[in-house]
Amino acid sequence: MSAATTNQSGTPAAAAATAPSRAATAVRRLRGSTTATVYLVLVVVLIACAVLSALAGRSFFSPGNLSALLTATTVLGFVAIGQTLVILVGSLDLSVPFLVSLSSVLAAGTMQGSPDAFATGVLVALVATTVLGLVNGVLVGLVGINGFMATLGVGLIISGYLFTNYQGSTGQASPQLVSLGSASIGFVPVLSIVLLAFFLGTAVLLTRTRTGMHLYAVGGDPHAARLSGVRTAAPVLLAHALSGLFSGIAGLVIVARLGVGSPGVGGQGGYDLLSIAAVVLGGAALAGGRGSLWGTLGGILIFASIDSLLGILEVNPYLKDVVRGVVIVAAVAVYARRKGLSSIVRFPGGQTRAAIDRGGPETADAGPVDRSEADVSSLAAHPETTGRSGR
């Protein structure tokens with residue numbers, strides 16, 4: 001009887017004792033999440049922008065300024081999606097500005113303002129940039145050339161072709177594309193909604209499919225991925241091909257807004273370095289295997305918010321690069337500091353160093369480890385552990 005009473009009274013007590021433990025674990029995981037940190041920084045930046053804009057007699061959150069901010073993120077957003085995929089597999093894509101320019105001139109040159117040539121112009125631009133992205137993937141994934149050098153070389157070839165065959169603005173966008181570029185729902189541009197849809201779709205690819213797991217696995221440790229049966233070349237080919245595709249879409253967005261194509265529009269935007277900076281600011285590792293697409297989106301919004309504020313304050317445009325550089329260096333320094341403070345050495349079986357020293361079964365979940373999308377790589381490399389880990 002007393003045992004039964006003890007059991008009945010002990011169960012709620014045990015549950016009550018477990019609840020704070022679970023809450024503490026959730027807090028530690030949130031603190032260790034790089035993506036959460038990025039959005040916390042974004043909130044701080046938005047508050048600072050609102051205050052400084054108010055001091056200047058302007059409203060940062062006015063519909064017009066918010067519409068301009070979202071518009072400014074669209075082209076960089078599409079390029080950054082592809083750059084995120086490429087960086088996740090441990091590569092880089094420096095050809096993106098030239099692919100953006102190529103897409104703009106091919107689309108506008110094919111359309112020539114004709115409504116009937118809309119679909120053809122879009123198809124020609126996207127096929128060309130996707131194929132060239134695939135060429136980058138072949139050079140990196142099959143030939144074994146360093147991603148930096150391979151994409152730089154392909155970019156220079158494209159640049160030479162562009163400035164040899166096109167002088168200044170060329171072609172004209174079809175009416176359908178121009179209408180799409182100017183359409184909005186309230187203060188939200190339709191192209192921003194399209195961008196968000198692509199973010200969602202790519203996030204599903206990364207987190208819910210075997211292909212996404214392989215992207216993380218190859219970027220994290222190609223040798224381990226190869227030993228576990230992953231064809232390491234395929235994710236690299238896919239990442240670079242998709243980077244070319246998204247660069248092509250970015251070029252179409254530019255044509256939709258400007259109405260014409262230009263051989264230098266991608267280089268003028270600096271989308272190669274800006275996209276890499278946005279991905280790094282979002283918490284990704286340039287070595288590959290770690291990163292979050294939503295972190296990249298947060299990095300883009302941080303850059304766009306700062307640029308919008310500098311525009312409101314009428315700051316010298318060249319100072320934008322100074323501010324961007326400071327933000328990037330500060331972010332990387334903070335990430336490195338947090339990683340050094342919160343990293344836990346893992347041993348076979350998932351035990352931590354402290355647990356092994358005590359002889360106990362405590363696992364790495366006891367500490368503030370970032371269990372973000374990067375952990376998918378371990379599932380791909382060791383799928384047999386999925387059932388035991390509970391993740």
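Structure above, values below:
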| item | result |
| --- | --- |
| Mean Cα-pair separation over length for region 67-149, i.e. relative contact order, pairs under 8 Å, 6 or more apart, % | 27 |
| Relative exposure of 209, 164, judged by other C-beta atoms within 10 Å (fewest first) | 164, 209 |
| J(HN,Hα) series, region 74-85, from Karplus relation 6.51 cos²θ - 1.76 cosθ + 1.60, nearest Hz, glycine and proline x | 5, 4, 4, x, 5, 5, 5, 4, x, 5, 4, 4 |
| For region 142-153, Karplus couplings with θ = phi - 60° (6.51, -1.76, 1.60), whole Hz, Gly/Pro x | 9, 6, x, 6, 4, x, 4, 6, 5, 6, 5, x |
| Under Karplus coefficients 6.51, -1.76 and 1.60, residue-wise ³J(HN,Hα) of region 105-112 in Hz, glycine/proline x | 6, 5, 5, 5, x, 6, 6, 6 |
| Region 33-343 pair-distance distribution - Cα-Cα, 20 Å bins, rounded % | 33, 58, 9, 0 |
| Peptides 143-153, 33-43, 314-324 ordered by average Cβ neighbours within 10 Å, highest first | 33-43, 143-153, 314-324 |
| Spin-label model distance (nm) - residue 164 vs residue 184, 7 Å beyond Cα toward Cβ | 4.2 |
| Ranked 310, 69, 156, criterion: other C-beta atoms within 10 Å, fewest first | 156, 310, 69 |
| Residues with amide H under 5 Å from that of residue 184, placed H, sequence gap 5 or more | 190 |
| Counting all C-alpha pairs of region 79-184, share separated by more than 19 Å (%) | 49 |
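Quick note: the coordinates plus some simple rules give every number you see, no bench work behind them. Treat the numbers as computed from the prediction; the structure is a model and nothing was measured. Because the Cβ atoms are built from the backbone with ideal geometry, glycine has one as well, and the counts that use them run over all protein chains shown.
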